[in-house]
Amino acid sequence: LIKLNGKPTLWHTLSAFENCDVIDEIVVVCRECDMGSVKPIAQGFKKVTAVVTGGDTRAESVKNGVNAASENAQFFAIHDGARPLVTSDEIKRVVERAYITNAATLGTPVTDTIKVVDTHSIITDTPVRDTLRAVQTPQVFERELYLRAIDNAVEHSLSVTDDCSMVEALGESVEIVLGSSENIKLTTQTDIIFAEAILSSR
């Protein structure tokens, strides 16, 4: 709901999906307490078919969203509302790749050296940077695969931070499609400054 260049973050996010020709419908999932603010934003987009409340976990929230989608939907693209800088082209590329592989996500190579630490912040390992990717959204999955992944995550109370992890838990593969470093998730005040600068440059 934070304003970026005068419009709510969610407005920018929904615009990218609204203007992407491989997206047929949009379901917005939000907290009950945000419903009054989210609905007026979502109603401005023709492809938005529902605004529903989330659950106690990510898996429960996406399940609510999937249940509100058309029964004819064969693929689901799951995206963080707090990633307003994704482009329609990026969405289309990852969706089209999922048509072939059944599971795909946007991601970028990691440029920093990453360290694994223990509970005392002592370094225990240094992964090879060439094998690391920073995963973004949207993450796109074939319908039946995704439904199995959600049910498994809910049944086993899996603690996951993204939807790829639910699919990986089934032993299935997910392909990474090269994204952009501009597709940041708004997490800190600094991110807001970067996001407004990127939007202005566009």
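The values are calculated or read from the model by the stated rules, or taken from the named source; none is laboratory data. Given the structure is predicted, the values throughout are model-derived calculations rather than measurements. Every residue, glycine as well, gets a Cβ built from its backbone with ideal geometry; the counts of neighbours run over all protein chains shown. Calculation scope for accessible area: heavy atoms of the full protein, side chains included, ligands and nucleic acids excluded. Shrake-Rupley method; radii C 1.70, N 1.55, O 1.52, S 1.80 Å.
Contact map, the range 136-165: first residue open to solvent by less than 50 Å² (accessible area, probe 1.4 Å), second residue in a loop (DSSP other than H, G, I, E, B) and β-branched (Val, Ile, Thr), Cβ cut-off under 6 Å, separation 6 or more or different chains; pairs are Cys164/Val174. Condition check for Ser15 on (1) closer than 18 Å to Leu186 by Cα; (2) in contact (Cβ under 8 Å) with a residue 60 or more places away in the chain; (3) among the small types (Gly, Ala, Ser); (4) touching a strand residue (DSSP E or B) at 6+ places or on another chain (Cβ under 9 Å): one failure, at (2). Here Ala197 meets each of (1) surrounded by fewer than 18 Cβ atoms within 10 Å (Cβ to Cβ); (2) closer than 26 Å to Phe75 by Cβ with one exception, condition (2). Among the residues of the range 51-59, none qualifies, meaning not one is polar (S, T, N, Q), more than 27 Å from Ser157 (Cβ to Cβ) and either modelled with pLDDT of 95 or more or buried (at least 20 other Cβ atoms within 10 Å of the Cβ) (or both). Cβ-Cβ distances below 6 Å connect no pair with a first residue in the range 71-94 that is over 10 Å from Ala16 (Cα atoms) and at pLDDT below 95, a second residue that is small (Gly, Ala, Ser) and open to solvent by 30 Å² or more (accessible area, probe 1.4 Å), and a separation of six or more residues or different chains. If the condition is being under 14 Å from the mean Cα position of the chain (by Cα) and over 20 Å from Pro8 (Cβ atoms), then the range 49-62 contributes Arg58, Ala59, Val62.
Within the range 44-77, being among the polar types (S, T, N, Q), outside any loop (DSSP other than H, G, I, E, B) and touching a helix residue (DSSP H, G or I) at 6+ places or on another chain (Cβ under 7 Å) holds for one residue alone: Thr53. Scanning the range 78-92 for residues that are buried (at least 18 other Cβ atoms within 10 Å of the Cβ) and assigned to a helix (DSSP H, G or I), which turns out farthest from the chain's Cα centre (by Cα)? Within the range 78-92, the match that is farthest from the chain's Cα centre (by Cα) is Glu90.
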